[in-house]
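Worksheet for the structure shown next.
Read-outs throughout are calculated quantities, based only on the coordinates presented, and are distinct from any laboratory measurement. Computed from a predicted structure; not experimentally measured. Because the Cβ atoms are built from the backbone with ideal geometry, glycine has one as well, and the counts that use them run over all protein chains shown.
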Amino acid sequence: MSQEAIGENEAVLGSSQYWNRVNRSTFFGGLMGRPSETDYHETLRAVGSRAGNAVEEIYDDLQRHKNQLSYIDSNRRNQLAKQVQGLYDVCRMTGSACSHSGECISMLALSGFFSNPFGEERAIQNAIRKMKNNSDFFPGECVELLQKAADWSISYVAGGSEKKRTFLEDISQGKGKDFLQEVVDAYKSSSDTADIRGKCGSPIGSSDYLNYIERAVFRQDVPTMRSARWGSLDYDGLLRDALESIAHQLERDLERNERENNYITDEDGKEPEIRCQRAGALRDQHRLGEQQD
């Protein structure tokens, strides 16, 4: 004897409780204003709009601090550039505008904003890291030694100290006194990196900054392995996987209940009318995502 269709989640198929459980079992549930509904297209549209707005906020932050971007650690800049690319991918998936993603990525790569070629900038940042990690001299001593070497020479400042000579030659990387002065100037400026903050109040490119952007777009923490902070960033893949999971769950429930000849009531509770509008809408949305991929 047939009975009312029940899903694997033990809720009546097609009921608000059913959709709430299905949606909340995936990342998509946290994106929806009403997880008990099936407004997937509208949810994707809203996510895409927020992703575009987030890129605009990043762009405004970078523009406001464009003369200080070289003092942001390269790893942070690279992670933020990946995040911008990920947000662009979400906008492309959802058909949303994303006007300044390319400019953000170029700025974070230090393209066209600085007098130093990128190789020279990288050498300066490498020198600063060595200064900060030096075990023989305190940071203030490092700066003082470099400034004297820039004013005079390495051999003059080192005198008979092999430690000083080794340190200064390691920092100079075979370059001249002008390079040492640039390192000193960059180091002094980099000490103010904490002040290179975005509108949100967090240092640009920091874990807090990346997390703020993710939560602004997705309204929840992104799983670690899909996050800009730690893993291989894959925002659009995360959305597609969630939709696929919902679609597959629905297909399994429909197929099982069809085999068992169970029924789904209509909105008035009458049977045995099978209503698959929601299932069809979800399948259509899923196929749309595949076509746009």
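How high is the FRET efficiency between residue 9 and residue 219 when r is their beta carbon distance and R₀ equals 22 Å, given to the nearest 0.05?
0.45
Counting only C-alpha contacts under 8 Å and six or more residues apart, can you give the relative contact order of the range 118-195 as a whole percent?
Result for the range 118-195 is 36 percent.
Give me the dipole magnitude in Debye, nearest 20, for the range 1-119 about the Cα centre, with unit charges on the beta carbon: positive for Lys and Arg, negative for Asp and Glu.
The dipole magnitude comes to about 400 debye.
Please identify every one of the trypsin sites (Lys or Arg not before Pro) in the range 158-247 that sits in a loop by DSSP and has no more than 15 other beta carbons within 10 Å of its own beta carbon.
For trypsin sites (Lys or Arg not before Pro) across the range 158-247 that sit outside H, G, I, E and B with at most 15 neighbouring Cβ atoms in 10 Å, the list reads 175, 199, 219.
Assuming 0.36 nm per residue, please report the length gained on full extension of the stretch residue 134 to residue 175 beyond their Cα-Cα distance.
12.8 nm
With each pseudo-label sitting 7 Å past Cα toward Cβ, what's the residue 57-residue 73 distance in nm, one decimal?
Each label point is offset 7 Å from its Cα along the Cβ direction, giving 2.3 nm.
Given a Förster radius of 22 Å and the C-beta distance between residue 49 and residue 16 as r, what FRET efficiency does 1/(1 + (r/R0)^6) yield to the nearest 0.05?
The computed FRET efficiency comes out at 0.25.
Can you give the local net charge around residue 215? Use residues other than it whose beta-carbon is closer than 15 angstrom to its beta-carbon, Lys and Arg +1, Asp and Glu -1.
So the surrounding residues net to +1.
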